[in-house]
Structure formats: structure tokens, C-alpha cells
Amino acid sequence: MSRLSRGCLRCRQRRVKCDQGRPSCQRCVKRNEICEGYRDDATIVFRYETEKVIKHANAAALVLPSTTSPRTSRRRSRSADNRSNSSRLSTALVDPSDLTEQESGSVELLQPFPWAKTVPAHLRPAPEDEAVDRFMDKYVIYPCNETSSSGFLEHLPGLFKDVNVEGRFALRWAVRAAAYADLSKAQDNTALASKAFHCYGMALSALGESLSAPGKVPDDYDLMTAVMLDIFEVGPRNHLTFFVENSTMKGAHAQGMAQILRLRGSDQIYNPRGWSLFRLAHHRIQKQQLAFNMKLLDGTAHWINQLNDDTPSARLEKDALRINQTCERARNLQEAIASGKLSIYEVLEMVHELVKLDEEVASWREKPEWSFKTLNVSDLPEFDPSVRPLTVTVQIHPDLWLAYEWNYHRTARSIGYQQLLNCLNTAMGSPDLDDLTRESLRVLIEQFTETIRLLADEVLSTVPQSLGDIDRLGRLHDHAAGPPRCRGIGSYLLLWPIKMIKGVQLSTTPEQKRSGQMVFERIREYTGMKSHLGPLSVI
């Protein structure tokens, strides 16, 4: 391997000698540019992943024509009040994630302050800030004291305000990558899409630089950056995780997030923001473990055992761990059956044990904080034909996040039951089964198949609320007045459960798979996957 340069990122990019000055090298100071820091020769987290993923990001950026051009002048200054509230870097510096004048001119921005008739030019936020504000408004869910909802990305706005200091550019660029991507698909803007991929590559590189400092313990900004990079891959752009055939890319950021959690240690859960970020990252890790049949990560059980069983958000992580453990045991069980290392009676005993564990997980959600309403579609006003419910009932939850937590729980259980079903089907192929044992296996197969299908129907019954067709009070949305505000985050939260229902992994009915495909077509339409990626977005 060639020797790594110890110069700053800018000097390495320009292939010039760097004086390695701290905090900024003199070449960057003279060029009036941000000195983006240094790296260490030691092996760093994300290093190899970064090289692979940036290649994919750059390849995608080449496909999407960019209008990026060097800046010939500094940005216009704004009022002192507006500058203090802005999240952009000092106007004396050039941030490579800023939009050029040509890129800014191609963006259609809404009224930033709808309560005002007009906004003076010197008080209007920069286009970059408006794009980020739009992203936050669409995807951040704040905790609700009236329900058990713990929120989603609720600490991102506060963390993003603090990214103007040296060493935190990674989060800034990751958030802008997601914001530009979301805006690009909403406006079919290829220049913004190209900029999003560029920011994504910079964020990956900057995160690696941030984690390379000897002895550094990853902070909240590093962990949130890893989460945002993962969201970018399966979120607004839906680019790498679903559409790169290289199997080594699956779960790449899950491994990175797990490494950051390990380096942060067990003390991270003992403050509100640390616990929130742990939950956000660990939740995504467990979901990818279930989706890709990945083995449990070292330290998972230790982290989870520190959590209180009676807290809903903590219990969700504990239950997901138990379901993951069930799936892992079921996979080992299936291998043992196929190799003849287990008797059928041992198989039945273990299956009943795993079913009992699942029943315990399911019964905990009978508590009031998990309650929801079930309405008959026939008792509701007529839905618009394009959004007519696909089930005879509709579930109404207190908010979208609780609906998602239920769907996450149902999907995880479905995967667990499918693993058990695979074991039983393997056992049915044994040549020495007696009639009584064969009948017992047949009954269990029918029972597990029916459970999977019931869970799929429950997920499908949450679609109207998740996509904004009906609100939590049971009122239908008037689509003539415009799209529902929650459609973006609702589509994002539905993506994984719907992918599983319509896929070949679960023993859902052909009708349920068709319904899942119909919902997925709506998600493709609402998230811009269809217009930007065409057939590539058909998961």
C-alpha cells in the first residue's frame, strides 16, 4: 500500500505540499478556503468503506450533469441577526457544499415565512438553509408527551446548528446531501442531485478524518453523521443500499455505526441526547440485521441489558434483540435439521420454546400506551380512488412514529416466524417421519403461515395514515388541496415493511404481494425514486 500523505485534504486534492499548520495550513489561508483537517496513518473507521462508496457516489454524479462552477466572488452578506441564526459558514470562506449561483437559480424555493406577505432580500435565508429547513420539516418527528412516541431525528436540528466549528463538517455535508437529494427529486433537478452526491462523498471522507485522531472517542456529531449517511442511502435518493449488487455493501453503515457505539462505550445512554442517538443508531443496526440475516454484533446484549423493560422505546430495542436471537437460533436449527444432527422431537421442542418467546414479546404491547383504533373502511367516507385502502379496516395510531414502531415489530416477528417456517419445511422432508409427527408439523406450518399473513394485513392497514390519506382523528385528506405534509416521512417509514411483504422472503399471499407492490409504487412516486431511477428503483 502506498504511503498516506499527512497533508490537509485540500492540499492533497491539489497535489501540492502542505505545511501542516494547525488549525489551518497557510496555503488554505492564502487561498481563503476552509482547511478541512488532517488524517492519521493509522487504520481508521470507514476508511475502506469510504473508498468504495465514494467511487459509487462519484459515478452517479457523473451520470447526473452538474452545473457546479468555481466561485468568482464571495457570498453576499446578510444582516447580523440573520447571520447569527444561519447555519452556513462564515461568508469569508467558501464551503464546497454551498450552491453556486447557477445551482441556486435552478432551485424553486417556497415562502420561508408564510405568515409574512413578502420577505426583504437581505432577510431571506440562503438557499442552502432553506433546503435544510425543508428537509427538517419533512423528516424530523419530535417526542410527544401525550403518547409513548420518542421521536425520530429529534436532536438533528440542535446538532446541525453547532456544525460551524472545525472538525464537524461531516455532519454539515451529510445533512446537506440528504436535503439537496430530497429537493432534487421533488423538483426533478439534476444539478441538485449531482450536488447531493458530491456532498455525500465529502461527508464520508470528513467522517473518516474526524475519527482518525489518535485516542478520539466518537462524539454525538460523528454518530449522527453515520446515521445521516445511512439515511441518505435508503432515503431521499435511495441509491446505494438497494441498488448496488455488490453484496459487501449490505450493512456497511450498520457496521460503522456499531463500531462508533462500541468506541463510545456504555456510558452513552446516561444522558437524554446520548440515549436518543444510541436508540436511533442501534434501531437501524437491528433492522439491517433482520433484513440481511446478519449475525448479531458483539456487545449488543450488553448494551440492551442496561435498559429498563418498562420504557416503551427501550422495550422496542429489547424485543427486537430477542427476535433477532430467535432468527439466529432458527437458522442454526435449520442447518442442524438438514445435516441430521437433531431429531424431530428436539426440533418440535425448540420450535415451541421460540414460539413462547414470541408470544411474550407480543403480549407486552397490550398496554395502553401502545393502543390504536381500528376503523372499518365501510364506515368511513369514500376515499379518492387513487388512494383507496387495500384492507377492509384502517388502523389509526396516535402518530406516525408509533405506527412505524408497530410495523417494525410486526415485520420483525414475521421474519422470525418465516425462519421457523423454513425449519419446519426442512423437517417435513425427513424420510422417517411417522404420521402423527407429520401432522403436527403440518399444523404448525399452517399456523405460522397464517400468523405471517395476519401481520402483513395489519401493516397494510396502516398505509392510509402513514401516507397521509387519513389523519389520527379519522378525517380524510382533501388531495385537491395538495399532498399531505407527512407523506415524505410516512413513505420512508413504510419502505422496509412493504419491501418485506411484497418480497419472496415472506409467505404472504399473492394478493398481499400485489397490494404491497401497489403501495410501493406510491412510495416510488412520492419519494421521487420513480422519476430519478426508473426501473432501478424497483426493489
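The values are calculated or read from the model by the stated rules, or taken from the named source; none is laboratory data. Keep in mind that this is a model prediction, so the values were computed, not measured. Counting neighbours? That spans all protein chains shown, and the Cβs are built from the backbone with ideal geometry, glycine included. Side chains are part of the model used for accessible areas, which takes the heavy atoms of the whole protein and leaves out ligands, DNA and RNA. Shrake-Rupley method; radii C 1.70, N 1.55, O 1.52, S 1.80 Å.
Data for the structure
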| item | result |
| --- | --- |
| Rg/Rg_ref, region 274-393, where Rg_ref = 2.2 N^0.38 Å and atoms are Cα | 1.41 |
| Among 459-471, 317-329, 361-373, the order from most to least packed when residues are scored by Cβ within 10 Å on average | 459-471, 317-329, 361-373 |
| Net charge, residue 312 excluded, C-beta distance under 12 Å - Lys, Arg +1, Asp, Glu -1 | -1 |
| Entries of 287/373; 138/185; 287/502; 367/499 with Cα pairs more than 20 Å apart | 287/373; 367/499 |
| Electrostatic dipole magnitude of region 377-532 [Cβ: Lys, Arg +1; Asp, Glu -1; Cα centre; debye, to 20] | 600 |
| Cα centroid separation, region 150-213 to region 484-500 (Å) | 21 |
| Calculated Rg and Dmax of region 321-391 using C-alpha coordinates, Å | 20.2, 58 |
| Burial ranking of peptide ranges 487-494, 14-21 (average Cβ count within 10 Å, highest at the top) | 487-494, 14-21 |
| Relative contact order of region 326-466, pairs being alpha-carbon contacts under 8 Å that are 6 or more residues apart, as % | 34 |
| Cα Rg over Rh - region 365-427, Kirkwood | 1.12 |
| Candidate lysines for bridging to residue 17, where Cα separation is under 20 Å - those fewer than 8 sequence places away on the same chain excluded | 30 |
| Cα-centre dipole for region 316-402 with unit charges at Cβ (Lys and Arg positive, Asp and Glu negative), debye to 20 | 160 |
| Inter-centroid distance (Cα atoms) of region 383-459 relative to region 289-358, Å | 17 |
| Summed residue charge, Cβ within 14 Å of residue 379's Cβ, Lys/Arg positive, Asp/Glu negative | +1 |
| Accessible surface of region 294-419, 1.4 Å probe, proportion on carbon and sulfur as whole % | 51 |
| Test item: Cα-centred dipole of region 392-439, Lys/Arg +1 and Asp/Glu -1 on Cβ, debye | 240 |
